[in-house]
Amino acid sequence: MRTLFLPFFLFVCLGYAQTIQLQNGDLIFQSIDCGPLCDAINQVTEGYQGNDFNHMGMVIIQGKKRYVLEASGTEVSLTPYDAFVLKTKNPMYVGRLKKRYRNLISEAVAFGERQLGKPYDVNYLYDNDKYYCSELIYDCFLNANGKPFFKLFPMTYKAPGSDVYFKVWEDYFKKLNMEVPEGQPGCNPGGMSLSKKIKILGTL
């Protein structure tokens, strides 16, 4: 009895100890520190199991090399995985499309690669030929699916339970000489992490 129990026990323990083997099309959700802007985003969005996510990207594997497609900084880029994970010291969560949707991944990846070099969407407006992080992923799967895959929601730049904009957002959009786009359709990493079309595998 003991000879059967011990190998099984080791198998279970080692199985849980294994790291996630990333696959093409996996989504990585991050909480990075970008100062007051990230703090404001975290206050109005909630992700998987109550986690705050303010950035995300999609895994693309080329040969033996792993990259993350992301909209960050000034443009859409293909960032080496090892550089992507250095963006935060917080646990990063991995989401994988459920089996019945995985046929969309190859076209989603192909669409994403065609967006490389597109400017970062500093205006946070949907469908303006620029991309912020979750908007890029939204469009990748919209294109692959031929219809919306993830959901858009009215964006808010106000503190919860308040009619007042976060000052950091007021100042941000004032510098861009534009009105705060309150209520405009958009998406965020937290909301995408809650999608029933993906399964959260755990943390990296």
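The values are calculated or read from the model by the stated rules, or taken from the named source; none is laboratory data. Remember, predicted model here, so these are calculated numbers, not experimental data. All Cβ positions, even for glycine, are placed from backbone atoms using ideal geometry, and neighbour counts span all protein chains on display. Side chains included, ligands, DNA and RNA excluded: accessible areas come from the protein's heavy atoms. Shrake-Rupley method; radii C 1.70, N 1.55, O 1.52, S 1.80 Å.
Some observations on this one:
- Rounded to whole Hz, the Karplus (6.51, -1.76, 1.60) HN-Hα couplings of the stretch 19-31, x for glycine and proline: 7, 5, 8, 5, 10, 3, x, 5, 10, 10, 9, 10, 10
- Put the Cα centre of the stretch 26-93 next to the Cα centre of the stretch 133-156 and the gap is 16 Å.
- Rg over Rh for the stretch 46-125 works out to 0.96, both radii taken from alpha-carbon positions and Rh defined as the Kirkwood radius.
- Kirkwood hydrodynamic radius of the stretch 75-204, from the reciprocal of the average inverse Cα-Cα distance over all distinct pairs: 16.4 Å.
- Charge dipole (the stretch 144-191, unit charges on Cβ, about Cα centre) - positive-most of ASN188, TYR157, ASN145: ASN145
- Trypsin sites (Lys or Arg not before Pro) within the stretch 34-78, DSSP loop, no more than 12 other Cβ atoms inside 10 Å: LYS64
- Taking all protein chains into account, the per residue accessible area for the chain stands at 58 Å² (1.4 Å probe).
- Residues GLU179, GLU46 ordered from highest to lowest accessible area at a 1.4 Å probe: GLU179, GLU46.
- Contact order normalised by residue count of the chain, Cα under 8 Å, 6+ apart, percent: 27
- Only Lys, Arg (+1) and Asp, Glu (-1) charged, at Cβ; the chain dipole about Cα centre in debye: 1140
- Across the stretch 22-110, the relative contact order, built from alpha-carbon pairs under 8 Å that are at least six residues apart, equals 36 percent.
- Taking amide H as placed 1.01 Å from N in the peptide plane, the amide H of TYR132 sits under 5 Å from that of ASP121, each at least 5 places away or on another chain.
- Only helices reaching 18 angstrom along their own axis (Cα) with mean Kyte-Doolittle hydropathy no lower than 1.6 count here, and for the DSSP H runs of the chain these are 2-17.
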